[in-house]
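Report on the following structure.
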Amino acid sequence: RSTEAMKQQVREHYEKMRAVLQRDEQTVLDSLELDQRKTRTTLDNVLKTWKQHKRPDPSEKEIGLNEKRFERLLKTLSAVFKNLKVQLQRKTLLLSIPVVIDRQTCHNQITVTSDGRGAFFSDSDHPVTDHPLQFDKVCCALGSSRITGGQNYWEVDVSCCSAWAVGVANTSLQRKGKDKGAKLGRNRNSWCVELRDSSLSAWHNDRNVACHGVGQTAPAKVGVWVNYDKGQLMFYNADTMAVLQKFSAAVTPVFDRAHHRFTEPLYPAVRF
């Protein structure tokens, strides 16, 4: 093969890469432009409401601005600002790659949707494959995304479940049996937040703490953020972006600090 032919092949390869990156960039820019237009419309409506409240009432010139209307307006502005702040934070994080469930890891009572993005518990067993990666006793599944560096974020909709666990696990998590080595958060190889008996708690290495920022009801959607290089893991209520629990070497004294330096690939994990 001639040098010129090799150069041409390299050029074509990089041209394809540039085309993909340009399409991806345009998609993100279009999304941001749409959000900007929606935000501008919302703020215009708020400003219009504000101007209406400022317009003096001819019959009440001496009274001034109605205090109750002013309080309602402040609440509206506060709610709009809070919602915009939450959505901006979520959109920044959601630029991560979406999670697809690894069917080879699923317990035989877990059914995965056709696109691989969802899963649900089924009373009927599927045929057992006896795959070495499959959970055979614990009703658990892992994502196919291999996390080995950088920052990663994804969300899990748990609104349909009365009991669940959402977290991450490394490659050493046990797949066979139902002892602590195979359960999320009950060993050194996994971290999770778990809803059981209407109580939300965070688990690692068989230790747990009650989650904060929960309020009166459990979250309908859980956000998971991993900073692999810094050994940080955070769980959010994805609807409000309230922090449920943060794992790190510095701020989780109730947990074993020595094991918040990730040394193996991590995978998204769920348990029913």
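The values are calculated or read from the model by the stated rules, or taken from the named source; none is laboratory data. Keep in mind it's a predicted model, so treat the numbers as computed, not measured. Don't worry about glycine lacking a Cβ; one is built from the backbone with ideal geometry, like all the others, and counts go over all protein chains shown.
Residue count for the stretch 104-152, restricted to those that are farther than 27 Å from Leu233 by Cβ and of a type in the set (S, T, N, Q): 7. Regarding the stretch 98-111, can at least one residue be identified that is in the same structural domain as Pro265 (by TED's automatic domain parsing) and on the phi > 0 side of the Ramachandran plot? For the stretch 98-111, residues in the same structural domain as Pro265 (by TED's automatic domain parsing) and on the phi > 0 side of the Ramachandran plot: absent.
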